[in-house]
Amino acid sequence: MFKLIFCLVCASVTVSPSSSCLQCFVDPNDAVRMCWGYIIIEHDVRNIGECMRMVDRIFNHNKTVMDAGRVGRGHDQKLKDIMLAQIMPMVEEFDQKTHDENVYEARLRAAAEHFIAQASQLPRASGCVPPCGFQVEGSVYSCRGCQYESCEYPLDCPGEG
Ligand SMILES: *[C@@H]1O[C@H](CO)[C@@H](O)[C@H](O)[C@H]1NC(C)=O
């Protein structure tokens, strides 16, 4: 039983190896709309890909953002609300308009900071009991896989299975 659950987690992590709190909650089409007018200053050209890389840098490769998203069971909807409240106004404002990369960077960093401040207030997981086993109450949301993960403790208990 424990082994089966463990392998389901493995499989889904392999499918989406690296996600971010923004990607978990913002529709990809909206991310593209937000990034539509991203201008690389040096070349004075629009580049959506560079914008996506900046989003990734700010929201994905940042432990503080990821940690803020580690809410307890049942609070991912609140997390989503917090993220959308930051990003959707930007989507509407930036769609079909150009802004240079510095404007994007300042706005995305501010959005990340607000997300951190608000998401950190949400309830964390409780009820994780060492040393092992699948524990529903202890599961924690992870923006890396956009899903709840079990406790940090190993799912497989020695001597079982
Ligand atoms: C993570 O993001 C926050 C908000 O943008 C920022 O204040 C912090 O310096 C970043 N941390 C790292 C290690 O980049």
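The values are calculated or read from the model by the stated rules, or taken from the named source; none is laboratory data. Because the structure is a prediction, the values reported are computed rather than measured. Neighbour counts run over all protein chains shown; Cβ positions are idealised from the backbone, glycine included. Heavy atoms of the whole protein, side chains included, go into the accessibility calculation; ligands, DNA and RNA do not. Shrake-Rupley method; radii C 1.70, N 1.55, O 1.52, S 1.80 Å.
Things to note:
- Rounded percent of accessible protein surface that carbon and sulfur make up, the chain, 1.4 Å probe: 57
- With each label modelled as a point 7 angstrom along the Cα→C-beta vector, the H61-Q96 pair spans 3.4 nm.
- Rounded to the nearest 500, the 222 nm mean residue ellipticity of the chain from helices alone is -15000 deg cm²/dmol, with -39,500 (n - 2.57) taken per DSSP H run of at least 4 residues.
- Its Cα gyration tensor gives the stretch 17-124 an equivalent ellipsoid. The semi-axes, each the square root of 5 times an eigenvalue, are 26, 13, 11 Å from largest down.
- Sorted from greatest to least, the principal axis extents spanned by the alpha carbons of the stretch 95-161 come out as 60, 24, 16 Å.
- Accessible surface of C157 - all protein chains present, 1.4 Å probe, nearest 10 Å²: 20
- Accessible-area value, H61, 1.4 Å probe, nucleic acids and ligands omitted, Å²: 130
- Electrostatic bookkeeping for C143 treats Lys and Arg as +1 and Asp and Glu as -1; over the other residues with beta carbon under 10 Å from its beta carbon, the sum is 0.
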